[in-house]
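Since the structure comes first, as structure tokens, the remarks are kept for the end.
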Amino acid sequence: MSCSSLDLAPLLGGGMNGSAAADYICNQLSDAGHAIDTTYLLFSTYLVFAMQLGFAMLCAGSVRAKNTMNIMLTNVLDAAAGGLFYYLFGFAFAFGKPSNGFIGTRFFALKGVPDPSFDYSNFLFQWSFAIAVAGITSGSIAERTQFAAYLIYSSFLTGFVYPIVSHWFWSADGWAAAGRNAGESLLFDSGVIDFAGSGVVHLVGGVGGLWGALIEGPRIGRFDHAGRSVALRGHSATLVVLGTFLLWFGWYGFNPGSFAVIFKTYGPSGSSHGQWSAVGRTAVTTTLAGCTAALTTLFGKRLQTGHWKVADVCNGLLGGFAAITAGCSVVEPWAAIICGFVSAWVLIGLNHLAAALQFDDPLEAAQLHGGCGAWGIIFTALFATERYVNEVYPGRAVRPYGLLMGGGGRLLAANLVEILVIAGWVSATMGPLFYAMHKLGLLRISADEEMAGMDLTRHGGFAYVYHDEEPKPATALALKYSTTRIEPLLQKPVDVEFS
């Protein structure tokens, strides 16, 4: 919002006193606007950071009990190592300006921050995104990866690989950014619309996890000698559901928070039409896509397996969120339902393909974040509306929008380039890194350690403590009674969701 002293001064009586009063009011309004926007961005940052707890709980519940402590520690270190390396290098590579179209060249170790374009809150918000990328990749290589390998890939991913991608598509200097500086040409006269990162975040993390899991190979016992899939189920449905809800909660900072500012009007002064309304709409589209994907997965898996599977529903929900992230701000709510419906079938189909190819991803991260993220980029190019595109990305006379909304195919062409470029860049960087660690013996643990579990062999004990005390007589009697009642049931085949 803008305040003009020249317009305001006559209303205050004119003269020197009126001009001074007008200047004072406008300065105060500007300061209040900055405070409101900074508070909004920091609140969104805290929500996104809470997703780290969601990742930790989801990962812990999705692995076997003997690897719980290992996977939770890697989530902690994703945030810790990512914080240091993003501070030293990542933020500069991503948003340092002035820079070229490929990489940022300023703000190393936050030198020069704050400046008119970036404050400390911007760094913190972008850091919370960077560590989310590392968390995605860690799920793909869970239960068989050396601890040192986590530290190496996480630092490289958050300090270099991800920042370069975010510079290309989110920085005002980026060669493919839809919000590129005025006067600079846009890719296909459109630029890539990936508002909150279906490609920049989810596809990057998914492709990184894909290469890690491919080079490591499947976990021991994941496929039998005939190549048939054997389920190695996570040990806690409770933690999976808890993690899913925490991620859902955090997504309201991830997507709506990507506006960065809320104190901005789209219409004439005094109207109720502003960025605050777009923030609300973005939260709605996010919700509808996730809910639709969850229900589609629920009934789709019921038809396939005959069971209502909570873990699959949770992953379907998250796949819907990953897909809508690119277009959440520029599509209508009804289109978000289509996005979620298709994303569920994308995930189901990719999981079947992964099993057929003997690809083992304990968290389905490559399929979920990579596959659904790619679909979300295409979806945005099909359903983005003209009005919302021009509101969210102002400053250009004519902007392409969704193909199916009558906006032509230039946005689709730009977004397809994004998918290809991200897949190529991450493959060219993370693939050789994982392969080098594999050749140096730094990537995978030994077979004996994998069978025993990394909590015992690498972390000095188990995540859960069991007390083997001698039971009291009453307790022993109750245990004997329970055993005699339960033993006959154990002779029958039981479909156990989590073992």
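Is it the case that residue 424 is outside any helix (DSSP H, G or I) and either more than 17 Å from residue 194 (Cα to Cα) or not aromatic (Phe, Trp, Tyr) (or both)? Can you show your working first?
On the way: outside any helix (DSSP H, G or I): no; either more than 17 Å from residue 194 (Cα to Cα) or not aromatic (Phe, Trp, Tyr) (or both): yes.
No; evaluated as a whole, the condition is false for this residue.
Given the structure, is residue 407 within 19 Å of residue 259 (Cα to Cα) and either buried (at least 21 other Cβ atoms within 10 Å of the Cβ) or in contact with a Leu (Cβ under 6 Å, 6 or more places away or on another chain) (or both)? No; evaluated as a whole, the condition is false for this residue.
Scoring residue 385 on the criteria (1) polar (S, T, N, Q); (2) surrounded by 22 or more Cβ atoms within 10 Å (Cβ to Cβ); (3) farther than 22 Å from residue 168 by Cβ leaves a single failure, condition (2).
Quick test for you: out of 432, 400, pick the one residue that is modelled with pLDDT of 90 or more and in contact with a Lys or Arg (Cβ under 6 Å, 6 or more places away or on another chain). Let's see the steps before the verdict.
Details: 432 fails: in contact with a Lys or Arg (Cβ under 6 Å, 6 or more places away or on another chain).
Going through 432, 400 in turn, the sole match is 400.
Provide a single number: the residues in the stretch 177-195 that are open to solvent by 40 Å² or more (accessible area, probe 1.4 Å), part of a loop (DSSP other than H, G, I, E, B), touching a residue at least 12 places away in the same chain (Cβ under 8 Å) and more than 17 Å from residue 326 (Cα to Cα). So the count comes out to 1.
Listed here are the residues, each with its yes/no results for (1) over 18 Å from the mean Cα position of the chain (by Cα); (2) small (Gly, Ala, Ser); (3) modelled with pLDDT under 95.
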residue: 266; (1), (2), (3): yes, no, yes
residue: 270; (1), (2), (3): yes, yes, yes
residue: 280; (1), (2), (3): yes, yes, no
residue: 283; (1), (2), (3): no, yes, no
residue: 291; (1), (2), (3): no, no, no
residue: 294; (1), (2), (3): no, yes, no
residue: 298; (1), (2), (3): yes, no, no
residue: 306; (1), (2), (3): yes, yes, yes
residue: 309; (1), (2), (3): yes, no, yes
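Residue 343 fails exactly one of the following numbered conditions: (1) closer than 21 Å to residue 385 by Cβ; (2) open to solvent by 40 Å² or more (accessible area, probe 1.4 Å). What is the number of that condition? The single condition residue 343 does not satisfy is (2). Within the stretch 62-89, how many residues are over 17 Å from the mean Cα position of the chain (by Cα) and surrounded by 24 or more Cβ atoms within 10 Å (Cβ to Cβ)? Total meeting the criteria: 6. Just one of (1) part of a helix (DSSP H, G or I); (2) buried (at least 24 other Cβ atoms within 10 Å of the Cβ) fails for residue 331. It is (1). Does residue 359 fit the bill of being in a helix (DSSP H, G or I), open to solvent by 20 Å² or more (accessible area, probe 1.4 Å), more than 15 Å from residue 202 (Cα to Cα) and aromatic (Phe, Trp, Tyr)? In short, no.
Rundown of residues vs (1) touching a Leu at 6+ places or on another chain (Cβ under 6 Å); (2) free of Cβ contacts under 8 Å to residues at least 40 places away in the same chain; (3) assigned to a loop (DSSP other than H, G, I, E, B), yes/no style:
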site: 76; (1), (2), (3): no, yes, no
site: 82; (1), (2), (3): no, no, no
site: 103; (1), (2), (3): no, no, yes
site: 106; (1), (2), (3): no, yes, yes
site: 113; (1), (2), (3): no, yes, yes
site: 124; (1), (2), (3): no, no, no
site: 128; (1), (2), (3): no, no, no
site: 152; (1), (2), (3): no, no, no
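It is to be established whether one or more residues within the stretch 200-218 are part of a helix (DSSP H, G or I) and of a type in the set (Phe, Trp, Tyr). Write out each step before concluding.
If we filter the stretch 200-218 for residues that are part of a helix (DSSP H, G or I), which is where we start, we get 200-216.
Filter once more, keeping what is of a type in the set (Phe, Trp, Tyr): 211.
Yes, the stretch 200-218 contains a residue that is part of a helix (DSSP H, G or I) and of a type in the set (Phe, Trp, Tyr).
Can you give me the number of residues within the stretch 334-353 that are of a type in the set (A, V, I, L, M) and either more than 23 Å from residue 230 (Cβ to Cβ) or at pLDDT below 95 (or both)?
Keep residues of the stretch 334-353 that are of a type in the set (A, V, I, L, M), which gives 335-338, 342, 344, 346-348, 350, 353.
Checking which are either more than 23 Å from residue 230 (Cβ to Cβ) or at pLDDT below 95 (or both) leaves us with 335-338, 342, 344, 346.
Qualifying residue count, the stretch 334-353: 7.
Yes or no: residue 54 open to solvent by less than 40 Å² (accessible area, probe 1.4 Å) and in a helix (DSSP H, G or I)? The answer is yes for residue 54. Set side by side, the residues 159, 221, 234, 174 differ, and just one is more than 26 Å from residue 313 (Cβ to Cβ), part of a loop (DSSP other than H, G, I, E, B) and of a type outside the set (D, E, K, R), which is 174. If you go through the stretch 102-120 and pick out every residue that is within 27 Å of residue 418 (Cβ to Cβ) and either in contact with a strand residue (DSSP E or B) (Cβ under 8 Å, 6 or more places away or on another chain) or open to solvent by less than 20 Å² (accessible area, probe 1.4 Å) (or both), you end up with 2.
Please verify whether residue 394 is over 17 Å from the mean Cα position of the chain (by Cα), without any contact (Cβ under 8 Å) to a residue 12 or more places away in the chain and under 22 Å from residue 192 (Cα atoms), treating the condition exactly as stated. When the stated conditions are applied, residue 394 passes them. Return yes or no: is residue 336 open to solvent by less than 10 Å² (accessible area, probe 1.4 Å), assigned to a helix (DSSP H, G or I) and touching a residue at least 60 places away in the same chain (Cβ under 8 Å)? Judged against the criteria, residue 336 is not a match. Looking only at residues in the stretch 2-33 that are surrounded by 13 or more Cβ atoms within 10 Å (Cβ to Cβ) and under 14 Å from residue 261 (Cβ atoms), the one that is modelled with the highest pLDDT is 33.
The values are calculated or read from the model by the stated rules, or taken from the named source; none is laboratory data. Just so it is clear, the model here is predicted, and its values are computed rather than measured. Here Cβ is always computed from backbone atoms with ideal geometry, including for glycine, and neighbour counts include all displayed protein chains. Side chains included, ligands, DNA and RNA excluded: accessible areas come from the protein's heavy atoms. Shrake-Rupley method; radii C 1.70, N 1.55, O 1.52, S 1.80 Å.
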